[in-house]
1. Please list 117-127, 90-100 highest first by mean number of surrounding beta-carbon atoms within 10 Å per residue.
2. For the stretch 85-102, in order, what is each residue's ³J(HN,Hα) by Karplus, 6.51 cos²θ - 1.76 cosθ + 1.60 with θ = phi - 60°, in whole Hz (x at glycine and Pro)?
3. What does the charge dipole of the chain about its Cα centre add up to, to the nearest 20 debye, if the Cβ of each Lys and Arg holds +1 and the Cβ of each Asp and Glu holds -1?
4. Around Thr34, which amide H atoms from residues at least 5 apart in sequence, or from another chain, sit under 5 Å from its own amide H, with H modelled in the peptide plane?
5. Give me the Kirkwood hydrodynamic radius of the chain in Å, from all C-alpha pairs, to one decimal place?
6. What number comes out for the charge environment of His85, summing +1 per Lys or Arg and -1 per Asp or Glu over other residues with Cβ under 12 Å away?
7. Ordered by packing density, taken as the mean number of other Cβ atoms within 10 Å over each peptide's residues, highest first, how do 78-89, 29-40 rank?
8. Using only Cα atoms, locate the centre of the stretch 114-135 and the centre of the stretch 34-101, then give the distance between them in Å, rounded to an integer.
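Please treat every number below as a calculation from the coordinates, not as lab data. Quick caveat, the model's predicted, so the values are computed rather than measured. As a convention, Cβ positions derive from the backbone with ideal geometry for all residues, glycine included, and neighbour counts pool all protein chains shown.
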Amino acid sequence: MSVIKNIGRKFDFIVGACSSEQWLNICSFYQLGTYKICCAVPRTHRLASKSVLEISDLYGEKLLMVKRGDAVKCDELRDDVEKNHPQIIIEDTPQFYDIEVFNYCERTNAVLLTLDVWQDVHPFLKTIPVNWPYTMPYGLLYPRTPGKNIRDFLQLLPHYVP
């Protein structure tokens, strides 16, 4: 949160995934696209040999994901799992992932909800796509009250970004 609070002070933009209501109360968001929500597993995990997962592959597994209440897209996925796939054990992680979350996943042989863009974030984890429709928006976070240069840049973006 300290980084997000410095948008407009120390830097003009942050590029990243965003579904956080906390962040959107502090800054604005210009969506550039979406990332697929995937699962990461330790390279020694029983699912690591798969190239694509079905949700049923997660039955009996501990699924690490951000706690309910801030990330709308993750809450939608959680609702689906809780209602339709109670065989999956959900364990809450901190609201925002840091290296400790990735290390915990590897150390406990759990499955971690992650994004395809983070596939190389940890050397001992393998990111695997899941056959489900869940995605996370990504784009530019910028100040709530942007200066002229930021406004000018944002006006030019539609000419360069499909």
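1. My ranking of the peptides, most packed first, is 117-127, 90-100.
2. Each residue of the stretch 85-102 in turn: 9, x, 6, 9, 9, 8, 10, 6, 10, x, 4, 10, 5, 9, 4, 5, 5, 5 Hz.
3. 420 debye
4. Those qualifying (amide H under 5 Å, at least 5 residues apart or on another chain) are Tyr138.
5. Across the chain, the inverse of the average 1/r is 17.0 Å.
6. Charge balance near His85 sits at -4.
7. 29-40, 78-89
8. A separation of 10 Å, based on Cα centres.
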